[in-house]
Amino acid sequence: MLSAIAISIAVMVVLVMRGYIGGMMDSLFDSLTRIETGHIKIAHSEYYDKEDMMPLEYMVDGFKGEGYKQLLDIIEPVDGVSVAAPRIKLGVLLSFQGKSRSAMGIGIDPKAESMITSFDKIMVEGEYFGYDENPASAPKYPIIMGAALAEKLGIELEDKLTILARTAYDSLKGMTFTVTGKFSYGISMMDSKLFYIPIRSAARLLEMGNGASELILMIDKIEDAEKVADEINSRFQQQEGAYLKDGSTPRYVVVPWQRQESLFTMFSMVTSVYNFVFLGLLVLASTVIINTTMMVIYERTREIGTIGALGMTGGQIVLLFVLEAIIIGAIGSFIGTIAGGGIDFLLSRVGINLNALTGGSVDFAVTDIMYPRFGLSLLFWSFLFGLIVASAVAYIPARRSAKVEPAEALRAV
Amino acid sequence: MRKYLVSIFLISFIFSPVAFGDLSGEEIMERVDKNRVYEKIEYDGKMIIKKGDKVRTKLMHVYAEGEEKALIEFTNPEDTGTKYLKLSGEMWIYFPDAEEIIKISGHMLRESMMGSDFSYEDVMENEELRKKYSVTVVGSEAVNERDCYVLELVAKGKKVTYAKRKLWVDKERFAVLKIQLFALSGKLLKEVMVQDVEKYGDRYFATKLTMMNKLIKDSSTTFEMEEIDFDADIPDNTFTKRSLER
Amino acid sequence: MGFVIRFALKNIWRYKRRTIITFAAISIGIGAFVFLDSMLKGAYSESVRNFIDYESAHLKTYNREFYREMEDEGFLLLDEGIDDYENLEKLIEAENVFVAPRIAFSARLVNEEIGGERPFTVIGIDPEKDKNVYKLPDVVLSGRLLKAGENGILMGRVGAKKMEAGLGDTLTILTRTKYDTYQAISVDVVGIVDPPNPNVNRSVAYIPLDVADVDLQMEGSVTEIGIRAGSDNVDDLLHNLMNKLESSNLSQLQVVSWKESGKDWLTLTKTKTAGSYIMIFVIFIIAAVGIVNTMLMSVFERVQEIGMMRALGMNDREVLWSFIFEGGAIGFFGAIFGVFLGLIFNSYLIYHGFDWGFFGDVDIGYRIMGVSKGVWNPGAFTFAFLFSIIVPALISIYPSRKAIKMEITQALRTA
C-alpha cells in the first residue's frame, strides 16, 4: 500500500508542477500579447519593417485613405476574432510646470482596449476612460499615466500637462491633456514611462487623420491565429489599393503571433527552459516510482518462491506481478491524479498570488495572480505516466525474481 | 626717385580693385545685406515641403522686426492657430490645443520647422552675415544666365550654425541667387536656389527659393513670399507672449 | 557509537538495489538543482556583465547637469561636458582603477549610396584607454579596432546591418558640434563588433576620441569618464570618489555606479529568478518524497530484523541512530554523486553555455544576446549537499521510532 501512496504522491507533484509551469507560461504569453503583439498584428508593411523607429507616416488608414475603420469593417465578420483594437504608438516629451520628461504613449480606443486589458485591475487612482465619445462633463483631452511617471513629474489627478510630439509629418506639435487616472502594472519599466490617451487625441496630435499605427487583434482560440490571419489577408487582397506602388508589396501585413519574431523567440526560449525543467521533474518522479515498485517486488521474493514451488511457471509469475504492479500503479496514479487535479483545479480558480510568494512583482505579469493550467488532458497523461512507469518498471525485477529457484527464493527473507 | 614712386603708384593703381571696378568681398556683402536685411517686414508665406513622394503645403502670415523679433502665424487648415514667436534669442510656440506656451530652447531650435529642410534657426535668421563671417571673392559664375560673384563666407567665431557658406551674388542687382551651406568638415549639407527676385523701392529681395538637402535624397523645401510690405504698420504688442495667446 | 555506524554502513551495502535507487533520486535532484541554479544565476550575471562591459563600466563620472539632462529628457548636451579631464583622470586613477574618457553624442548616420539614415549614439573613444575599461576588443567580428586620428568608424553587427553597410563602406555622421554648428563627418567602416549587449550592438557606433574632439569642437572636454575597478562591488569606491571630488572643488561632477545606471531593468531580472526558485523548491520536494519513501520501506521491511537486533541487546537509541546514519549516509553518497553529476552538467553550461541566441536582434530590455554561461556557485553545491544529508537522516527518524515502539516479540513474528 505504501508503494501506492508513493506513486500517488509522485504523480500528484508532477501534475501540480505541470499546472504551475503551464500557468507561468500562460501568464508570460498573456502579458506579451496584451501589451505588445496581440494575437495578430496588422500594420503598414513599411511601419512593421521599421517598427523600432515608429515611422508614423506609414499608417493603417484604409486602402485609399478611408481610415482604419475600413479595415475594422473588413475584419469584423471574420470568424474567431474577439477584439480588434487600433493603436497609435508615440514617443514624446511631457512638459509639466517647467519640467519635461521623455515618455512613451499609446493612443487607444477605450472600449476595444478594455476588452484586452482589465484596466479596473490596474488603476490605482482616478478612472479609466469612459466610452462615450464626448461626454459633457469629462475633460476634453484626458490622459492616464503610470503611477511612477506621475510621481517623477509631481503630477496629481486633474493636473494639466502638455505633450510635445513629432507628428507624422515631422513637425512639432503640442497639446494639453488633463490627468484623469493613474495606473500601475507593477513593472517599473512600464509604470515610469507609459501613458495612454484616446486614439482620437493621438491622431489629432500627430496629424494622422483617421489612421492608426497598428491594429491589435485578439483571437478566441490562439492556435487559430495563423488561419485567421490568412483569412483576413485574403480579404485584404481583394481590396483595391491592397498593394503599394511597386505592385507586389502588400500595403498591410497581417502577422499572427507565431510569426512575430520578438514574441515568438522569447516565448520559445522560455518554453524550452520550462520544458527542460519539467523533464527533470519527470525523471525524478520516475525514480520514485521505480524505487517503490522494485522494492515491492523484492520484498516479496519469498512469496514468489512459494508460488513457484506451488507450480506456477515463470511466465505466469511475471505476469502476475506485473499485473499487480499495474493495479497498484493504477490506484496510485488515480489517487495522485485526483489529488493533483483537485489542487490544480482549485488553484486555477483562485490563482497563486505571486506577489505574496515572491515578495515583489514577477516578470511580465499583467496581474499578480497566476492561474495554473488545469486541463483534463493533463490529468489523463499524468495518470498514464504513473501507470506506465510502474508497470514497465515492475517487469524486470518480476522476471528476475521468477527466475530464481523456488528453494532459493524461499530462503531469502 | 620720383619716377620710381610714380611707377609704383601707377602699378598699384592698375592692380587696385578700384581700377578694375572690382569690389572686395566685404563691400559686396554690404550691398547684399542691404537688400536682404530688413528693419520691418510683413508678408504671406507659403512653404512646400517635399519628402520622397509626399508633398505638404504650409501657409503662414509673418511679421518681423530687425534681428530679434518675429511672429509667424500658420493659416493652412491643419495648422490653423499655431503661432511661433521669436523674441530675444528664444522661440515660443503656441498650439491651439495646448493651454500653455511652449518654449523651444537650445537643442530644440535645431529641429526642423514643420518637417521642412529649414530648422527653426534657419527661419529665424535675419542678421547681417558680415557680422559672423569673413567674406572672400573666389570667382565668377553664371546662375540662371546672370553673371554672379562667387563669395566664400567663413565663420569668424565659433557660435555659428553653418561653418562655411558660399553665395552666388548677382553682379547687377546684388541679390543672392544661389547659396551653399557647409558643415564644419567642409561637406556640403544644403543648397538653396533662388527662383524669383523682385524690386521693392531700392531693394532687390528674393521672393521664392528652394532649399535642397544634399545628404538625404529627395528632400527639398520651397519657400515663397507674397504681399511683402517693408513699411508695414506693425502693432506695438505684436511681439509679446500675450499676443501668442490671442 | 562506532558499532552503530558500522552497522549502518553494512546495511547500506546489503540492500544495494534500494540504496542505489534512492541514491539515484537524490543525485538527479541535486544535479538538476545545481544546473538550474547555475543557469539562472548565469543569465543574471551575464546580463550584468554585458551591461558593465559594454555600457556602464563600473562607475561613470559625468557633469551633473549633463547627467540630469540625459536621464530626464534623453538629450546628450555637448556643452555640459567635463573640461580639463586629465587632472580628473589622475585623481581617479589614484584609486587603483582604470579610466577611459569618452565623448558620446547623438547623430544620424547616413549611407549616402543607399540613401538611408538612422539615429545612432556615436561615441568617441580613446583606442588605448578604452580597452582597459570596456571589452570591445573581445568581440571584433571583422576588420579591426580604431586607430587614433583616423576617420574610421566601428559599428555593431546589427547596427551595420540596419545601415546596410559593410567593411570599407563610407558613412556620413550628421550631427552638431559643441557650438551647435552643423557637422558632417565622413568615416569608413574599419571594423564590425558583435558585443552580446543588444543595445550597443544595435544603436551605438564608435569613432576615435581625437577625431571627435576636433570635429565636434570639444576643445579638450569629454562627456563622461568610465571607470573599471577590481570588483563589481563599487559602493566604497563610489563613496571615496564622491568625497574626493567634493574636496577638490569639483562638486559639479557626479559619479554613478552601474547599479544606478541600470536600475530600470535590473529590478526586472531579479524578480524573474525569484519566481523560478519556486520550481527548484519543488524539485526538492520530489527528491524528498523519494527519500522518505525509501526510508519508510526500508524500515518497515526490516521490522523483523529490528526486532532481532533489539532482542540481541541493542538499545532503542542505538537502533534509532543506526537508521539515522543510514539515511544520512545514503544522502551523503547520493549527494556526492549528485554533486558530481551537477559538476558535469554545469561544466557543459559553463563551457558551452546556454544559447539565448534565438532572441534575434530584438529589444526586450535584457542585456543578453548569444550564449550565457553557467556559473560555479559553491553556495548552491554546499546547500544541496547538506540538505541531502540532513533530510534523509531526519526522515529516517519517524519510521524507526515506530519500529522501536513495537513489542520485540511482535516484531520478530513479522515476516
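Taken together, the values in this text are just the output of simple stated rules run on the coordinates, not laboratory data. These numbers come from a predicted model, not from an experiment. Heads up, the Cβs are rebuilt from the backbone with ideal geometry, glycines too, and the neighbour counts pull from every protein chain shown.
Residues C:Thr121, A:Thr249, ranked from the fewest to the most other C-beta atoms within 10 Å, line up as A:Thr249, C:Thr121. Over 20 Å apart at the Cα level, from the set A:Lys89/A:Lys111; A:Lys99/B:Lys83; B:Lys83/B:Lys217; A:Lys173/B:Lys187; A:Lys41/A:Lys121; A:Lys173/B:Lys132, are A:Lys99/B:Lys83; B:Lys83/B:Lys217; A:Lys173/B:Lys187; A:Lys41/A:Lys121; A:Lys173/B:Lys132. Annotation: lysines with alpha-carbon distance below 17 angstrom to C:Lys263 (same-chain offsets under eight excluded): A:Lys152, A:Lys193, C:Lys60, C:Lys272. Within the straight-line cut-off of under 19 Å between alpha carbons, the lysines reachable from C:Lys161 are A:Lys50, sequence neighbours fewer than 8 places apart in one chain being disregarded. Panel note: the C-alpha atoms of the stretch A:143-235, placed on their principal axes, show extents of 48, 35, 19 Å (largest first). Compared with the direct C-alpha span, the chain from B:Lys54 to B:Asp147 gains 30.0 nm at full extension, assuming 0.36 nm per residue.
In terms of surrounding Cβ atoms within a 10 Å radius of their Cβ, C:Arg108, C:Arg144, B:Arg130 rank from fewest to most as C:Arg144, C:Arg108, B:Arg130. Once both labels are positioned 7 Å from their Cα atoms along Cα-to-Cβ, the gap between A:Lys69 and C:Met308 label points is 9.2 nm. What is the calculated FRET efficiency for C:Tyr398 to A:Ser82, with r their C-beta to C-beta distance and R₀ = 45 Å, to the nearest 0.05? After rounding to 0.05, the efficiency reads 0.25.
The simple Förster model, with R0 at 45 Å and r as the Cβ-Cβ distance, assigns A:Glu226 and A:Thr178 a FRET efficiency of 0.60. Projecting the Cα atoms of B:Phe174, B:Tyr120, B:Leu59 onto the charge dipole of the stretch B:40-191, computed from C-beta unit charges around the Cα centre, puts B:Phe174 farthest toward the positive end.
Give me the net charge for the shell around C:Phe3: Cβ to Cβ below 14 angstrom, other residues only, Lys and Arg +1, Asp and Glu -1. Counting the neighbours of C:Phe3, the net charge comes to +1. If you take all other residues with their beta carbon under 10 Å from the beta carbon of B:Ser116, and give Lys and Arg +1 and Asp and Glu -1, the sum is +1. With the alpha-carbon atoms of the stretch C:59-228 aligned to their principal axes, the span from lowest to highest coordinate is 46, 35, 30 Å, starting with the largest. Think of each Lys and Arg Cβ as +1 and each Asp and Glu Cβ as -1; about the Cα centre, that makes the dipole of the stretch B:57-195 roughly 800 debye.
The magnitude of the dipole of the stretch A:8-93, with charges of +1 and -1 set on the Cβ of Lys/Arg and Asp/Glu and taken from the Cα centre, is near 300 debye.
Across the stretch B:77-115, the residues whose backbone nitrogen lies under 13 Å from the label position 7 Å along the beta-carbon direction of C:Asp79 are B:89-90, B:105-110. Over all other residues within a Cβ to Cβ distance under 12 Å of B:Ser140, the charged ones net out to -2, with Lys and Arg as +1 and Asp and Glu as -1. Please work out the FRET efficiency for the pair C:Arg68 and B:Glu127, using the Cβ-Cβ distance as r and a Förster radius of 41 Å; give the result to the nearest 0.05. For R0 = 41 Å, the calculated efficiency reads 0.80.
Taking label positions 7 Å along the Cα-Cβ direction at both A:Leu319 and C:Thr170, the computed distance is 8.9 nm, reported to one decimal.
For chain B, the longest principal axis of the alpha carbon atoms and the long axis of helix B:25-36 meet at an angle near 30°. Rounded to the nearest 10 degrees, the angle from helix B:2-15 to the longest Cα principal axis of chain B is 30 degrees.
Spin-label model, C:Lys131 to B:Ser24: label points 7 Å out along the Cα-to-beta-carbon direction sit 5.4 nm apart. If the reach is capped at under 21 angstrom between alpha carbons, list the lysines near B:Lys208, excluding any in the same chain fewer than eight residues apart. Here the lysines satisfying the reach criterion relative to B:Lys208 are B:Lys34, B:Lys40, B:Lys46, B:Lys50, B:Lys51, B:Lys54, B:Lys58, B:Lys166, B:Lys171, B:Lys178, B:Lys190, B:Lys199.
Pair-distance distribution P(r) for the stretch B:23-245, from all Cα-Cα distances in 10 Å bins starting at 0: 8, 32, 38, 19, 3, 0 percent.
From least to most packed, judged by other beta carbons within 10 angstrom and beginning with the fewest, B:Met211, A:Met175, A:Met145, A:Met104 follow the order A:Met104, B:Met211, A:Met175, A:Met145. Simple rule: put +1 on each Lys or Arg Cβ and -1 on each Asp or Glu Cβ in the stretch A:82-147, find the dipole, and look at A:Pro110, A:Ser95, A:Tyr128; the Cα lying farthest toward the positive end is A:Ser95.
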